[in-house]
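To start, the structure under review is shown below, and the notes come after it.
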Amino acid sequence: MTRTSIYDRISERRLALEEAARVEQQNPLPVAEPEPEPEPVVPLRDVPSRFSFGGFDLSLPDSFRFRDIQTTIEHDGEPVVLTIKRRDVREGATLDVLLQDAMQTFRKLYPQLRVIRERDCSLAGSPAKAVDFHFTMGHAERHGRLVGGIVPVADGQTSQWLSLSCVIDPVKPSLSLWLVDFDNMLSGMATR
């Protein structure tokens, strides 16, 4: 019995592996991926508005509720502008139209605004859109993210447009992970 050379055996093995890979590509086994559980939809509730800062709680009287909040927060010593808006949804308004209306406000303030990315996401379990954008303020660069969605209101009232946005200085190293923190804040917003 003659034994083939090592190179012939390596070549035969390679050819056999290539043939097995080709057959597997032609007849792929179905892979059953589990469906992710949908995020529960959390409606806005008509409760007195309040917020806390530095250990102090500010509660508004029952008849008052926030429509717009714009504040500057500090993250690792750097300022972050945070804006929250809540509006009744006009009948027939779509998520895309409401998002464009919200972006129009930024476009008026910053005509050189450039949209980087728009994507689907969720906000308190409701379908939402997120837009990342870039603009300059004077000579400084700024990066913004707007997340908005149509959120149901408890007790069957009209749905509301809820938008949250942040604007940061993208060149500050201490803000390099801020957008991850912002997304985590939004995902934890609906937990009770």
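Taken together, the values in this text are just the output of simple stated rules run on the coordinates, not laboratory data. Everything numeric in this text was worked out from a predicted model, so none of it was measured.
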In Å³ and rounded to a whole number, note down the convex hull volume per residue for the Cα atoms of the chain.
-> 272 Å³
What are the residues whose amide H is under 5 Å from the amide H of ALA128, where those residues sit 5 or more places off or on another chain and H is modelled from the backbone?
-> CYS121, SER122, LEU123
